[in-house]
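All remarks here apply to the structure that follows.
No lab work stands behind these numbers, since they all come straight from the coordinates. Computed from a predicted model, the values in this text were never measured in an experiment. We place every Cβ from the backbone using ideal geometry, glycine too, and count neighbours over all the protein chains shown.
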2 protein chains.
Amino acid sequence: MEHRSLLENVYKHIALTDSERELFLSLLRKRKLARKTKVLAQGQLCDSISFVDSGALRAFYLDVSGRESTIMFAVRDWWVTDMYCFINTLPAMLTIETIEDSIVYQLKKDDLEQLYRSVPQFERFFRILMQNAYIREQLRVVQNLSMTAEERYNIFIKKYPEVANKVKQKQIASYLGITAEFLSMIKRKKSETLN
Amino acid sequence: MEHRSLLENVYKHIALTDSERELFLSLLRKRKLARKTKVLAQGQLCDSISFVDSGALRAFYLDVSGRESTIMFAVRDWWVTDMYCFINTLPAMLTIETIEDSIVYQLKKDDLEQLYRSVPQFERFFRILMQNAYIREQLRVVQNLSMTAEERYNIFIKKYPEVANKVKQKQIASYLGITAEFLSMIKRKKSETLN
């Protein structure tokens, strides 16, 4: 069924009448994207948020020396955007790219504002989404302070099992805030322990 | 006027009828706190969120070796809690302490849930609050990647002018993710440039 996982995602937190559901779906744009497609490029106006229906995406920051730092991964059933630039309607600081063939539903900023006015339950829905995003970041800060890189890698592969094998090691390393060499040492140690 | 800055904070984003305002205020507990009072201690159940009416607070993580890492400062007109533990009703990971005499209004988790049901506009209010908290964290991650420690210190003293002189240098340094020695070097360089 079209929109099934999107609606399941919404129904986790709010209920909609038929007409509210139809309005919501009418505001979304479905996009089928090949691997390595940018849904957002650094510098480009960030005016939409994407729901990942299938596939996976990666958001990264590219610094002046050309070094990429992975800020987050977004897998099936996640919403992803450069939130700071989306909320403030600014050119994106981040680039968001598919790491495999993906299907996303995109919602424009103006349409989201209309949705808040027409269907106020979406205030609740996005309140919970923002709350989850914020506490995920808070948890990451505390884990960076309290756990070893190895412990954080173990959490990572549990949380994103579908990502671990699809992206470059240096992308995972930059997400964990360690060097690719250090990550490779952790993985070597891990495989020796398992053998 | 009692509650003035609290209500101004709320009215920035939503409107309330008289009875809604009275309900909201009835759920809050005013606390006058001396300097160095803990409003939350690591390990203690985190069941309330605090609005800073006056004064300033600091949230920090204490690691097993006894090292404190400052996670955030909360000044007048801010809301502060250990959000991860508040939302999940867990023992706090963070300690939150006043850095000067302060007045806060506290709202319990259960009362907030009741408020969402009785006055749904608070979904909007906290949606915007969570959104701002999340984008602040996102901005901090990107600034850590894209700016020098000196640039981040300059942003810090502009954003929290009232904090800079009230806390220990090592607390500011740990918030910026640098050593106290490095911060002192930055400040020395800055004062030499100004002279």
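General remarks:
- Relative contact order for chain B, counting Cα pairs under 8 Å that sit 6 or more residues apart, in percent: 24
- Under the convention that each Lys and Arg Cβ holds +1 and each Asp and Glu Cβ holds -1, the size of the dipole of the protein assembly as shown around its Cα centre is about 1000 debye.
- Whole-angstrom gap from the stretch B:89-144 to the stretch A:155-195, using each part's C-alpha centre: 33
- Cα-Cα over 20 Å, subset of A:Lys36/A:Lys166; B:Lys38/B:Lys168; B:Lys158/B:Lys187; A:Lys32/A:Lys170; A:Lys36/A:Lys159; B:Lys30/B:Lys158: A:Lys32/A:Lys170; A:Lys36/A:Lys159; B:Lys30/B:Lys158
- At least 27 Å along the helix axis (C-alpha) and Kyte average at least -0.5, DSSP helices within chain B: B:121-146
- Most mobile of A:Glu100, A:Glu137, A:Glu68 in a GNM of chain A (Cα contacts under 10 Å): A:Glu137
- Peptide A:86-92 shows a mean partner chain C-beta count of 1 within 10 Å per residue C-beta.
- Listed residues A:Tyr84, A:Tyr175, A:Tyr134, most fluctuating in chain A (Gaussian network, C-alpha, under 10 Å): A:Tyr134
- Estimated distance in nm for a label pair at B:Arg76 and A:Leu139, the labels positioned 7 Å out from Cα along Cα-to-Cβ: 3.6
- About its Cα centre, the stretch B:49-182 has a charge dipole of approximately 260 debye under the convention of +1 per Lys or Arg Cβ and -1 per Asp or Glu Cβ, with nothing else charged.
- Per-peptide average of other Cβ atoms within 10 Å, ordering A:48-59, B:142-153 highest first: A:48-59, B:142-153
- Here is how far apart the A:Asn132 label points are across copies: 2.4 nm, shortest first, using a point 7 Å from Cα toward Cβ.
- Projecting the Cα atoms of A:Ser69, A:Val10, A:Ile49 onto the dipole axis of the stretch A:1-135, where Lys and Arg carry +1 and Asp and Glu carry -1 at the beta carbon, places A:Ser69 farthest toward the positive end.
- Gaussian network model of chain A, springs between alpha carbon atoms under 10 Å - residue of A:Ser65, A:Ser184, A:Ser102 with greatest fluctuation: A:Ser65
- With label points defined 7 Å past Cα in the direction of Cβ, position A:Pro120 shows copy-to-copy spacings of 0.6 nm, given to one decimal and shortest first.
- Here the contact order of the stretch B:4-119, divided by its residue count and restricted to Cα pairs under 8 Å and six or more residues apart, works out to 38 percent.
- Counting from the shortest, the label point at B:Lys190, 7 Å from Cα toward Cβ, is 4.0 nm from the same position in each remaining copy.
- By the helix-only formula, in which each DSSP H run with n ≥ 4 contributes -39500 (n - 2.57) and the sum is divided by residues, chain B has a 222 nm mean residue ellipticity of -15000 deg cm²/dmol.
- Of the residues A:Met83, A:Phe60, A:Phe156, the one whose Cα sits farthest towards the positive end of the charge dipole of the stretch A:59-156 is A:Met83 (charges of +1 on Lys and Arg Cβ, -1 on Asp and Glu Cβ, taken about the Cα centre).
- For the peptide A:139-147, the mean number of other protein chain Cβ atoms found within 10 angstrom of a residue's Cβ is 5.
- The magnitude of the dipole of the stretch B:4-119, with charges of +1 and -1 set on the Cβ of Lys/Arg and Asp/Glu and taken from the Cα centre, is near 260 debye.
- Inter-chain Cβ neighbour count for A:116-129, averaged per residue, equals 4 (cutoff 10 Å, partner chain atoms only).
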